[in-house]
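Since every read-out is calculated from the coordinates, none of them should be taken as a lab result. Only a predicted model underlies this, so the values are computations on that prediction, with no experimental measurement involved. When we count neighbours, we look across all protein chains shown, and the Cβ atoms used for this are built from the backbone with ideal geometry, even at glycine.
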Amino acid sequence: MEPLTIGLLGIAALMVVIFFLRVPVGFAMALVGFAGFAMVVNPTAAVSVTANSIWATFTKYSLTVIPFFILMGNICFHAGVSKRLYRAAYMWIGHIRGGLAMATVAACAGFAAICGSNAATAATMSAVALPEMKKYGYSNKLSTGSVASGATLGVVIPPSVVLIIIGLSTGESIAELFFAALIPGLILTALFMASIWGVCKMNPELGPRGPATSWREKVRSLSGSIEMLVLFTLIMMGLYMGWFTPTEAGAAGAFFALLIAIIGRQMTLEKFKAALRDTMSTSCMILVIVTGAVIFGRFLTVTRLPYETATWAAALPIPKVAVLLLMLAIYAIGGAIMDALGLLMITIPIFFPVALQLGYDPLWFAVLITLVTTMGAITPPVGVNTFVVAGMAPEVPLTTVFKGVSYFLVAFILAIALVMAVPSTATWLPALLH
């Protein structure tokens, strides 16, 4: 059997193993990658490559960036940063129609800047924001939709674990990816808030006005967002000025997050232990996926499938934008039915070479697929964030949450269209690094 045919069958087998046998993505990629490599080369070589891949992945210095940024986010979570961010946001804009929902999105954006995970942001902000919006008579659709949608900013706004994984998988600079995603993340935040304003303008009952606050209260509330601002500025300025590598930025962020929490008397030994446990659990899950992706990638390499696919796509007698739209459609559908990280790990070895062959900027393409895949976190039938929010608010039916996120899907599509139409939204800031 031809290696290229084995590669195509391997991808089909991977889908079967993941969706029908329900094998976790990391183990599924490792299993199919091992079997495929054994078929193309020989079993002895497959054993050697698998063993070397596992050892190389878990001893790779650059991968330490993952647990460092996750630890920083977990320390901030257990120190209660999210509550103070939300309080500051609703003190300033909670008095307008839909203001509490806008404050939720703003707080999600702020927490995303120190967290890097959409599911963690969804769980955290659900606990903080949903009771407040319920208290002031907000519609369940708008309140749950704003939390689930706002939480997707955890993947787009740096430091994002997904962007880190994309950088490690493609060889692109993690620092440049962070800066590339910053403006699109802020655009998406603004569009979410505009969506809330629009739906509340048409139906004021969805988001009644919150309590008015004095200027003194507004100014005092800003003290609650200082920690986030310090950490975010430290990381981004450190990367921009060349003070840190991405790994060092993660370590510095985790250290200063802990220092700030201790100085502010917001961290206890039990909270710190919980942050470490959560970090180890999440990091191990991600590293298993990365290891499986490395093994699967070795298999695809020996079949020459990525190279042949890129060559074939470049030779198609259709506009290159049509190929791009086809890839984005696959990401949109895939993001709605499986975890974003797993989807990216499976598809990047094939689609990234295609994008480069077509002449697209790698940073722009990485941000674009991150946006499209992240939209899947609020899209039926899976929509990870919607299930997280529904789990945090058991009195609200899942169908209500899905109706709520529908207000924000248009904003997502507009943000994606804007980044496609104006590539400089993703390429301008990285260019400043040079």
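Once Rh for the chain is found with the Kirkwood sum over Cα pairs, what is the Stokes-Einstein diffusion coefficient at 20 °C and 1.002 mPa s, in µm²/s? Can you show the working numbers first?
Working: Rh = 22.3 Å.
For these conditions, the coefficient is 96 µm²/s.
Given a Förster distance of 30 Å, report the FRET efficiency between A51 and E248 from their Cβ-Cβ distance, rounded to the nearest 0.05.
On the way: r = 30 Å, r/R0 = 1.00.
Once rounded, the FRET efficiency stands at 0.50.
Using +1 on the beta carbon of Lys and Arg, -1 on that of Asp and Glu, and nothing else charged, what's the dipole of the chain about the Cα centre, debye to 20? It would help to have the intermediate numbers written out before the result.
Numbers: 22 positive and 14 negative charges, 239 e Å.
Around 1140 debye, computed over the chain.
Using +1 on the beta carbon of Lys and Arg, -1 on that of Asp and Glu, and nothing else charged, what's the dipole of the stretch 269-384 about the Cα centre, debye to 20?
Working: 6 positive and 5 negative charges, 31 e Å.
That gives a dipole near 160 debye.
Rounded if a/c is under 1.5, else prolate if a/b beats b/c, else oblate: with a ≥ b ≥ c from the C-alpha gyration tensor eigenvalues square-rooted, which is the stretch 179-242?
Values: a/c = 5.08, a/b = 1.46, b/c = 3.47.
Since a/c reaches 1.5 but b/c is at least a/b, the shape of the stretch 179-242 is classed as oblate.
For the stretch 309-434, just say rounded, prolate or oblate: build the C-alpha gyration tensor, square-root its eigenvalues into a ≥ b ≥ c, call rounded for a/c under 1.5, and beyond that prolate if a/b exceeds b/c, oblate if not. Mind dumping the intermediate values first?
On the way: a/c = 2.34, a/b = 1.81, b/c = 1.30.
Since a/c reaches 1.5 and a/b is larger than b/c, the shape of the stretch 309-434 is classed as prolate.
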Phi angles of the stretch 340-346, converted by Karplus (6.51 cos²θ - 1.76 cosθ + 1.60, θ = phi - 60°) into ³J(HN,Hα) in whole Hz with x for Gly and Pro, give 4, 5, x, 4, 5, 5, 6
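May I ask you to order 226-235, 416-425, 28-37 by the average number of other C-beta atoms within 10 Å around their residues, highest value first? Don't jump to the answer; show the numbers that get you there.
Working: 226-235: 18.4, 416-425: 16.1, 28-37: 24.0.
Packing proxy ranking, top to bottom: 28-37, 226-235, 416-425.
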1/(1 + (r/R0)^6) with r = Cβ-Cβ of L356 and K135, R0 = 56 Å, i.e. FRET efficiency to nearest 0.05, evaluates to 0.65
Contour minus Cα-Cα span, T64 to I333, at 0.36 nm per residue, comes to 93.7 nm
Between the Cα axis of helix 246-263 and the main Cα principal axis of the chain, the angle (0 to 90°, nearest 10) is 30
Scalar couplings 3J(HN,Hα) for the stretch 15-30 by Karplus 6.51 cos²θ - 1.76 cosθ + 1.60 (θ = phi - 60°), nearest whole Hz, x for Gly and Pro, are 4, 5, 5, 6, 8, 9, 8, 6, 7, x, 4, x, 5, 5, 5, 5
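Where does the chain land at 222 nm, in deg cm²/dmol rounded to the nearest 500, when only DSSP H runs of n ≥ 4 count, each adding -39500 (n - 2.57), divided by all residues?
Values: 22 runs with 344 residues, N = 434.
So the calculated ellipticity at 222 nm is -26000 deg cm²/dmol.
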Taking a straight Cα-to-Cα line shorter than 25 Å from K403, and setting aside same-chain lysines fewer than 8 residues away, one finds K134, K135, K141, K201
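Specify whether the C-alpha gyration tensor of the stretch 284-326 places it in the rounded, prolate or oblate class, a ≥ b ≥ c being the square roots of the eigenvalues: rounded for a/c under 1.5, otherwise prolate if a/b is larger than b/c and oblate if not.
oblate
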With the dipole of the chain defined by +1 on each Lys or Arg Cβ and -1 on each Asp or Glu Cβ, the option from V156, P319, G137 whose Cα lies farthest towards the positive pole is G137
Karplus-derived 3J(HN,Hα) from phi for the stretch 312-329 (6.51 cos²θ - 1.76 cosθ + 1.60, θ = phi - 60°), whole Hz, x at Gly and Pro, runs 5, 5, 5, 8, 5, x, 9, x, 5, 5, 5, 5, 4, 5, 5, 5, 5, 5
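What is the calculated FRET efficiency for A212 to A127, with r their C-beta to C-beta distance and R₀ = 22 Å, to the nearest 0.05? Write out the running numbers ahead of the final one.
Numbers: r = 25 Å, r/R0 = 1.15.
For R0 = 22 Å, the calculated efficiency reads 0.30.
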So, with points 7 Å from each Cα along the Cβ direction, the L276-M1 label distance in nm works out to 4.8
Listed by chain and number, the aspartates and glutamates with an alpha carbon less than 13 angstrom from that of K83, same-chain partners under 8 positions apart left out, are E132, E227
Full extension between A322 and R22 adds, at 0.36 nm per residue less the Cα distance, a length in nm of 104.7 nm
Note to self: C-alpha centroids of the stretch 6-71 and the stretch 216-269 sit apart, in Å, by 36
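Could you sort 316-326, 100-110, 391-401, 347-357 so that the peptide with the highest average Cβ count within 10 Å comes first and the rest follow in order? Each step should come with its number before you reach the end.
Working: 316-326: 12.5, 100-110: 29.5, 391-401: 15.1, 347-357: 20.6.
Output ranking for 316-326, 100-110, 391-401, 347-357: 100-110, 347-357, 391-401, 316-326.
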